[in-house]
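Everything below concerns the one structure shown next.
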Amino acid sequence: MLQIGVVGISYKTAPLKTREGVARQIDQLFDFGLPCVLLTTCNRFEIYFSASDLHQASLEILKRVEGVIANLDRSSFYSFFEHQCFFHLAKVISGLDSAIMGESDIQRQVKKAYQLAHERGDLSKEVHFLFQ
């Protein structure tokens, strides 16, 4: 079983003001205490992670984000676990989940996010597998 998950917001779930607020505070959100990849674009903010209890880890991530971003609406966030996380990332990379269908720059942005996380170290084998 793939012990991977994603928590995020996108242009589909959150207004621009909320996404901008998260983007401004990105430096404070880097240390979640678990291996993660932070994907930020103009249309989305997503945290890909691995944990033994995916649901509990996603709740902890949301608490951390709420502690940094004032007046955050938790209902704007979505989460996917295991195979659904894999399929979600495939849709993101292919541009099927983009504001502009088929957008190609997202591939570069995902690759850069993974490389930055890999340089920080401590990514689990599941997260490495997900981004291959």
Using beta carbons and a limit of 7 Å, which pairs, at least six apart or on different chains, have the first residue in region 92-109 and among the small types (Gly, Ala, Ser) and the second one crowded, with 17+ Cβ neighbours inside 10 Å and at pLDDT 90 or above? Gly95/Ile106; Ser98/Ile106
From the option list Ala99, Ala90, Ala113, single residue qualifying as modelled with pLDDT of 90 or more, under 19 Å from Gly8 (Cα atoms), surrounded by fewer than 14 Cβ atoms within 10 Å (Cβ to Cβ) and among the hydrophobic types (A, V, I, L, M, F, W, C) is Ala90
Which members of region 25-59 meet the condition of being modelled with pLDDT of 90 or more, surrounded by fewer than 17 Cβ atoms within 10 Å (Cβ to Cβ) and acidic (Asp, Glu)? Asp53
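So, Ile106, is that one among the β-branched types (Val, Ile, Thr), under 15 Å from the mean Cα position of the chain (by Cα) and within 23 Å of Gln3 (Cβ to Cβ) or not?
Here the answer is no, as Ile106 does not meet what is asked.
The values are calculated or read from the model by the stated rules, or taken from the named source; none is laboratory data. Because the structure is predicted, anything quoted here is derived from the model rather than measured. With ideal geometry, Cβ positions are generated from the backbone for all residues, glycine too; neighbour counts draw on all protein chains shown.
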